[in-house]
Structures are given as structure tokens and as C-alpha cells.
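Quick notes on the structure that follows.
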Amino acid sequence: MIIQKSREEIELMRESALIVSKTLGMIASEIKEGVTTLYLDKLAEEFIRDHGAVPSFLGLYDFPNSLCMSPNSQVVHGIPNNTPLKSGDVISVDCGAFKNGYHGDHAYSFEIGEVAPEVKKLLQVTKESLYVGIREFKAGNRVEDVGNAIQKYTESHGYGVVRELVGHGLGQKMHEEPEMPNYGKRGRGKLFVEGMVVAIEPMINMGTKNIKQHKDGWTITTADGKASAHFEHDVALIDGKPELLSTFQYIYKALGIVSNEEDEFRKVPLVL
């Protein structure tokens, strides 16, 4: 069952989502060659708690940390460790925060130092596909309209779309209905309804769509060892149109990037 949220509830969710956004912005200032993911994880937990929230991932399904940090061929659910990041790495940082009874949950894939051009393009296309999918999250459309748009866009560049891992509804629970796959056929799946909130998160591989799970029960890697990219936003359906609750602008501020990619999904300009 899809759980519709009131405007008041959506504003509480926006607050949780923006704590995640600010956390990722803080990480953007700290993530660099020689830094360990475990160090970044500790910074994130402190930051989230200092902002009156608790880390959503810590203990969720017994996950041991506050961030999922997945470098290179890791797709998602990577466990932070003491291995230093090195130049040429790319890493998905997925973060969740719980405040006022609601979760925020989104992700960004970072470049470390000098990244190979073909990997840089994978990240660019994957992020673009996120917005391609968000445009289809509107009144009258269905779940697989979003997935179909993401699939067509990324496969047109020769990339593999992960099937086993999907986006999801979001609210008082981290994972609500509906599941939001990044593939599908137009006109299929549950109908979008006013007030629903979803996490849309393309997980796109440079090569094969196939993945494998490791013995730790969490880490997911590409089956061919090639790079994977992951971007995620929290989006509410308001007045029949998609509205972003999360933002990458804190990341962009830290990295010196100027972008208006989110403007079409906001009724009111974002003030950092």
C-alpha cells in the first residue's frame, strides 16, 4: 500500500532529507586521496547527531555503519573500512537520517583525484538519468514509466542497469511501497498518487547489468569487475508534479560546481 503524506508530513521529510544533503556536503569537503571510508563514516555519524537526527542506516537490518560507501566496482551497501581512498577511485556515498519520525535517504557518487574519462562519463550519464526518471514521476504515470526512462537513457550509452536493487517509497519507514526499479515497460506498475514520496536511485554499471553479493552479506559488486555509479534523490508528488526534497547543492558548493539541474523540480528556490 502506498502511504500518502500530508503537506505537513512532507515538510518534515524535507527537513530529514536536507540533513542528509548537508551531511553529503560535509563529506564532499573531506573526501580525498588518503582518507579512509571509516573516518568519513565517523564524521557523518557525528554530523547527523549534531543536527538533531540519528543515522538511519546504523543498525538497519543489522548494518554496522552510518554510511554505505561503495568504491569502484562496488554497486551499493559497501561497509566502511580502513583502506585509504586513492586517486582514480569513484565512490558512491549513500546516507540516511531519521528526524521527527521520518527518514531522508539519498546518495552521490564522488570522484577521487584524476578519474578515467570513461568512468567520468558513466557518472555523468547516471546522474543525468536520475533527472530523466524524476521527470516521469508525475500524475497519470506509473512506476515503470520512471524505470523505463532511466533504462532507455542509460542503455543507449551501452551501460548495464542493475535489476536486483531498486528505489523505494520513503516515510516513517526507510523502505515503503512502491519499489522503484530502474528498468521496465511504460504503463506498468502502480499508479502515482498525490502526496507519495519516493527515493529514485539509478544504479548503473559500466559493463554487465549482473551483480554478485559478497560473503559479508552486504557488499554488492559488478559481476565483471567494472565500475558502477549510483545517484539518489528524495522526491514528493505535489500538485501532480515531482518536487525534490533533497539537494546536491551542498556538495556542489563544497566542490565549486555551479549547476541549475534541480531548478525545474522546485517551486521555491533553495536557500542554502
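If you stretched the chain out fully between N210 and S6, how much longer would it get, using 0.36 nm times the residue separation minus the C-alpha to C-alpha distance?
Length gained between N210 and S6: 69.6 nm.
HN-Hα J couplings of the stretch 76-85 from phi, Karplus 6.51/-1.76/1.60, θ = phi - 60°, integer Hz, Gly and Pro as x?
Result, ordered by residue: 8, 6, x, 8, x, 8, 9, 7, x, 5 Hz.
For the chain, count all C-alpha to C-alpha pairs, find those more than 25 Å apart, and express that count as a whole percent of the total.
40 percent
Given the rule -39500 (n - 2.57) for each run of at least 4 DSSP H residues, summed and divided by the residues of the chain, what is its mean residue ellipticity at 222 nm, to the nearest 500 deg cm²/dmol?
Only helices count here, giving -9000 deg cm²/dmol.
Give me a comma-separated list of calculated 3J(HN,Hα) values for the stretch 131-146, in order, Karplus coefficients 6.51, -1.76, 1.60 applied at θ = phi - 60°, integers in Hz, x for any Gly or Pro.
6, 4, x, 4, 4, 8, 8, 8, 4, x, 8, 10, 3, 6, 5, 5
How large is ³J(HN,Hα), in whole Hz, for each residue of the stretch 187-193 in order, when computed from phi with the Karplus curve 6.51 cos²θ - 1.76 cosθ + 1.60 and θ = phi - 60°, using x for Gly and Pro?
For the stretch 187-193, the Karplus curve yields x, 10, x, 5, 6, 5, 10 Hz.
Taking H as built 1.01 Å from N, whose amide H comes closer than 5 Å to the amide H of G167, not counting residues under 5 places away?
For G167, whose amide H was placed from the backbone, the distant partners under 5 Å are M180, N182, E201.
Work through the residues other than K42 whose Cβ is under 13 Å from its Cβ and net out their charges, Lys, Arg +1 and Asp, Glu -1. Could you put the intermediate results ahead of the total?
On the way: positive: R49; negative: E30, D41, E45, E46, D50.
Computed value for this residue: -4.
If we count every other residue with Cβ under 13 angstrom of Q249's Cβ, Lys/Arg +1 and Asp/Glu -1, where does the sum land?
Within the 13 Å Cβ shell, the charges total 0.
Could you compute the FRET efficiency for K253 and E177, with r as their C-beta to C-beta distance and R0 at 35 Å, rounded to 0.05?
Numbers: r = 34 Å, r/R0 = 0.98.
That gives a FRET efficiency of 0.55.
Given a cut-off of 14 Å, what percent of all Cα-Cα pairs of the stretch 38-125 lie beyond it?
Tail of the P(r) past 14 Å holds 65 percent of the pairs.
Assuming 1.567 mPa s and 4 °C, estimate D for the stretch 97-214 with Stokes-Einstein, Rh taken as the Kirkwood radius over Cα pairs, in µm²/s.
Translational D for this selection: 86 µm²/s.
Cβ under 12 Å from S73's Cβ, S73 left aside: what net charge do those residues give with Lys, Arg +1 and Asp, Glu -1?
Summing Lys/Arg as +1 and Asp/Glu as -1 gives 0.
Quick one: which residues, 5 or more positions from D234 or on another chain, have an amide H under 5 Å from its amide H? H modelled 1.01 Å from N in the peptide plane, none for Pro or chain starts.
The list, which skips near neighbours in sequence, is L245, S246.
Based only on Cα atoms, what Rg/Rh ratio does the stretch 13-82 have, Rh being taken as Kirkwood's radius?
Reported Rg/Rh (Cα atoms, Kirkwood Rh): 0.95.
Each reported figure results from applying straightforward, stated rules to the coordinates on display, with no laboratory input. Only a predicted model underlies this, so the values are computations on that prediction, with no experimental measurement involved. Positions of Cβ are backbone-derived with ideal geometry, glycine not excepted, and every protein chain shown enters the neighbour counts.
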